[in-house]
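Input: a single structure, listed below in structure tokens.
The values are calculated or read from the model by the stated rules, or taken from the named source; none is laboratory data. Because the structure is predicted, anything quoted here is derived from the model rather than measured. Cβ coordinates were reconstructed from backbone atoms using ideal geometry, including for glycine residues, and neighbour counts include every protein chain displayed. Note: areas computed on protein heavy atoms with side chains; ligands, DNA, RNA excluded. Shrake-Rupley method; radii C 1.70, N 1.55, O 1.52, S 1.80 Å.
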Amino acid sequence: METFTLDFKSKIKLWKLLQKRDLFLTKRQAKDLVIVGMVSVNGITETKPGTKVSFGDVVEIQGQKIIIG
């Protein structure tokens, strides 16, 4: 489990979070991971890369959880 620090009033697009977490992902690769359904937010599969996540959300990708905090 990993924590991604974000101000409690801020939001970040899902693809951008994935890209910041993994420096080797391009913008297109991050978006594609979401589009094909490999990412869930708070236990629900998300297919829209532009979905914004915020403080308290839990993002899961390929079995790894990222807590926005």
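Could you please report the charge total around Val59, scoring K, R as +1 and D, E as -1 over all other residues with beta-carbon less than 10 angstrom from its beta-carbon?
Charge balance in the 10 Å sphere: -2.
Work out the length of the dipole vector of the chain about its Cα centre, built from +1 on the beta-carbon of each Lys and Arg and -1 on the beta-carbon of each Asp and Glu, and round it to the nearest 20 debye. Could the numbers behind the result be given before it?
Working: 12 positive and 7 negative charges, 71 e Å.
Dipole of the chain, to the nearest 20 debye: 340 debye.
Could you report the chain's accessible area per residue, 1.4 Å probe, as an integer in Å²? Write out the running numbers ahead of the final one.
On the way: 4450 Å² over 69 residues.
Per residue, the chain has an accessible area of 65 Å².
Output the relative contact order of the chain, whole-number percent, from Cα pairs under 8 angstrom with separation of 6+ residues. Could you put the intermediate results ahead of the total?
Numbers: 125 pairs, mean separation 28.3, N = 69.
So the answer I get is 41 percent.
Can you work out the Karplus-derived ³J(HN,Hα) for every residue in segment 46-56? Use 6.51 cos²θ - 1.76 cosθ + 1.60 with θ = phi - 60°, whole Hz, and x for glycine or proline.
10, 10, 10, x, x, 4, 9, 10, 9, 3, x
Quick one: net charge of Glu46's neighbours, Cβ under 12 Å, K/R +1, D/E -1?
On the way: positive: Lys13, Lys31, Lys48, Lys52; negative: Asp57, Glu60.
Once positives and negatives cancel, what remains is +2.
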